[in-house]
Amino acid sequence: MTASKLGPLARLLAEAEAHRPAPGPRPRRVQPPATAKQLAALREIEWFIAAHGYAPTLAELAVLLGIAAQTVDQHLRALERKGMIERRAGSPRTIRILGGTAPPTSAPATKRTLTKAPRLRVVKPPVEAAAPPVDGDLGAADFDACNGVG
């Protein structure tokens, strides 16, 4: 079809398509450097693997860092995006530190202990027993008698 047979909108679209530059490679998005908290998580992982021979779970990292397990997961996802660690989805203890990731900012402490986080225990108040009827209260028989039943 020639340009004269196209409508005005179709002509504009055809011209725009003719002048469109050839698609090139997309620019890579540069990842910002790891934050201090992410590096702290990385140091704890390094220490745990060195001390125990296997990677920590999210719960163990949460106890070591003193933060919630969900926050630990967010830090680990960020470290994965930045190419500093690798994890296998759905499997515990699969964190692997990739080589040359971050210079250690401080030597890990030699005397660390991993203890379970204290669990909060909900204490329910005792259930009070029903009070015995007081003189003057109507029992079932009195109620029936007052209402003409029985």
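The values are calculated or read from the model by the stated rules, or taken from the named source; none is laboratory data. Everything numeric in this text was worked out from a predicted model, so none of it was measured. As a convention, Cβ positions derive from the backbone with ideal geometry for all residues, glycine included, and neighbour counts pool all protein chains shown.
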Counting only residues that are surrounded by fewer than 12 Cβ atoms within 10 Å (Cβ to Cβ) and out of contact with any strand residue (DSSP E or B) (no Cβ under 7 Å at 6 or more places or on another chain), give me the helices (runs of 4 or more DSSP H) lying completely in region 1-72 with at least 2 of them. 8-18, 36-52
Within the bounds of region 80-98, is there any residue that is part of a helix (DSSP H, G or I), modelled with pLDDT under 95 and within 17 Å of the chain's Cα centre (by Cα)? yes
